[in-house]
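Inspection log for the structure reproduced underneath, given as structure tokens.
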Amino acid sequence: MYLSQLKSGGVVVREGETARLIPAVTVFELAQNAVAAGATLADVIPAGGEAVDLVQLAAKGALDVPVRHPEPARMYLCGTGLTHLGSASTRNAMHGAGGDVASETDSMRMFKMGLEGGKPAAGEAGVQPEWFYKGPGTEAVAPGDPLTSPGFALDGGEEPEIAAFYLNGPDGTPHRIGFTLANEFSDHVTEKVNYLFLAHSKLRPASFGPELLVGDLPRNIEGRSRILRGDQVIFDAPFVSGEDNMSHTIANLEHHHFKYAPFRRAGDLHVHMFGTATLSFGAGVQTQAGDVFEISAPQFGLPLINPLAIDAPVAPTRIRAL
């Protein structure tokens, strides 16, 4: 089952080729109902609803991020990196390492830690991954809307990933709502200057959707990441995800996020991006305003498409003393 959120309100439920509209409700509200009832999402979705053309709705820009919190400050966009087999090669090259052990980067060392301890036995905690914060819910961009790079940025590049949405129950227990495609938009030029700038490079918007997969994450996901510049495709590469292609289990990544008490605050919404091994930056692509990112994978229905926009340069921030 797949869920899509309309910007104007209402949820589209797709099962197979059939899509129906449940009006006057949000996925967030359905998730709240499921948590309160100790039920699944399928249990609380109303029957009926008029048939709709999901492809047409997406083309009209009518679809939003699959889940939003009504209070954006209570929505957290976070993620983990160096979690996929092969994900360290681009990062290692980005940070200027040579081939000998002495020049091995911290990124490569952390990746190897994941290979050795990222898939513990069920019920056990493995090694913790690299973790980053992107921003509050204001930075969640709907499918079709621009991903805007700030005026001070050195780059605006895509990262094709899988993300999951979580709602914390009244007792703080995280409840996974579902999985979706994500573009974990980042500034890789800034990161390349020094890997300690990673935190800066991640403070950018991200896009999710258009469809939310309810249920288990497929173990093997094969998708494509493309960049279009006008009529030309300037980047086209496969990406893979799912635990068969990862150095960590989803459960281990979830544990190391939600082990922190502030992230188990009742009623908060979390979006967690699970990493990638495919970057156009690693292929030497320099993006520019007007480029269009397209991320797709058959298991996730419609592709996630966003144009790139670039803000005007900003003057140094002025602080007023009180």
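Overview of results
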{"item": "Residues of the stretch 53-75 satisfying the condition of being in a loop (DSSP other than H, G, I, E, B) and surrounded by 12 or more Cβ atoms within 10 Å (Cβ to Cβ)", "result": "GLY61, ALA62, ASP64, VAL65, PRO66, VAL67, ARG68, HIS69, GLU71"}
{"item": "Candidate set from the stretch 1-31 (those that are among the β-branched types (Val, Ile, Thr) and assigned to a strand (DSSP E or B)); member that is farthest from LEU217 (Cα to Cα)", "result": "ILE22"}
{"item": "Meets criteria (more than 25 Å from LYS119 (Cα to Cα), touching a strand residue (DSSP E or B) at 6+ places or on another chain (Cβ under 9 Å), surrounded by fewer than 19 Cβ atoms within 10 Å (Cβ to Cβ) and modelled with pLDDT of 95 or more) for ALA283", "result": "no"}
{"item": "Residue, nearest to ASP64 (Cα to Cα), within the stretch 120-148, restricted to residues that are assigned to a loop (DSSP other than H, G, I, E, B), touching a residue at least 12 places away in the same chain (Cβ under 8 Å) and out of contact with any strand residue (DSSP E or B) (no Cβ under 8 Å at 6 or more places or on another chain)", "result": "GLN128"}
{"item": "Criterion (hydrophobic (A, V, I, L, M, F, W, C), over 19 Å from SER186 (Cβ atoms) and surrounded by fewer than 24 Cβ atoms within 10 Å (Cβ to Cβ)) met by exactly one of ALA289, ALA237, ALA251", "result": "ALA251"}
{"item": "Evaluation of HIS257 against (1) out of contact with any His (no Cβ under 9 Å at 6 or more places or on another chain); (2) touching a residue at least 40 places away in the same chain (Cβ under 8 Å); (3) of a type outside the set (A, V, I, L, M) (one fails), failing number", "result": "(1)"}
{"item": "Residue in the stretch 113-134 that is of a type in the set (A, V, I, L, M, F, W, C) and crowded, with 20+ Cβ neighbours inside 10 Å present", "result": "no"}
{"item": "Residue satisfying all of: in the stretch 292-322; touching a residue at least 60 places away in the same chain (Cβ under 8 Å) and of a type in the set (Val, Ile, Thr); surrounded by the fewest Cβ atoms within 10 Å (Cβ to Cβ) among these", "result": "VAL314"}
{"item": "Tally, over the stretch 190-214, of residues that are among the aliphatic types (A, V, I, L, M) and closer than 17 Å to PRO160 by Cα", "result": "4"}
{"item": "Residue in the stretch 161-171 that is in contact with a helix residue (DSSP H, G or I) (Cβ under 7 Å, 6 or more places away or on another chain), buried (at least 18 other Cβ atoms within 10 Å of the Cβ) and among the polar types (S, T, N, Q) present", "result": "yes"}
{"item": "Condition broken by THR180, with the remaining ones in (1) more than 18 Å from PHE281 (Cβ to Cβ); (2) of a type in the set (Val, Ile, Thr); (3) crowded, with 18+ Cβ neighbours inside 10 Å; (4) over 14 Å from the mean Cα position of the chain (by Cα) satisfied", "result": "(4)"}
{"item": "Residue count, the stretch 211-239 (criterion: in contact with a strand residue (DSSP E or B) (Cβ under 7 Å, 6 or more places away or on another chain), among the charged types (D, E, K, R) and outside any strand (DSSP E or B))", "result": "1"}
{"item": "Counted residues, the stretch 32-52 - those being buried (at least 16 other Cβ atoms within 10 Å of the Cβ) and either aromatic (Phe, Trp, Tyr) or not in a helix (DSSP H, G or I) (or both)", "result": "3"}
{"item": "Residue that is buried (at least 19 other Cβ atoms within 10 Å of the Cβ) and under 27 Å from LEU115 (Cβ atoms), where the choices are GLU191, GLU222, GLU211", "result": "GLU191"}
{"item": "Criterion (farther than 22 Å from ILE177 by Cα and touching a residue at least 12 places away in the same chain (Cβ under 8 Å)) met by exactly one of LEU217, LEU228", "result": "LEU228"}
{"item": "Which numbered condition ALA51 misses (of (1) at pLDDT below 90; (2) over 26 Å from the mean Cα position of the chain (by Cα))", "result": "(1)"}
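For every residue, the table says whether it meets (1) over 19 Å from the mean Cα position of the chain (by Cα); (2) part of a strand (DSSP E or B); (3) modelled with pLDDT under 95.
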{"position": "LEU253", "(1), (2), (3)": "no, no, no"}
{"position": "HIS256", "(1), (2), (3)": "no, no, no"}
{"position": "THR276", "(1), (2), (3)": "no, no, yes"}
{"position": "GLN299", "(1), (2), (3)": "no, no, no"}
{"position": "ALA321", "(1), (2), (3)": "yes, no, no"}
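The values are calculated or read from the model by the stated rules, or taken from the named source; none is laboratory data. Worth saying up front: this structure is predicted, and the values here are computed from it rather than measured. Here Cβ is always computed from backbone atoms with ideal geometry, including for glycine, and neighbour counts include all displayed protein chains.
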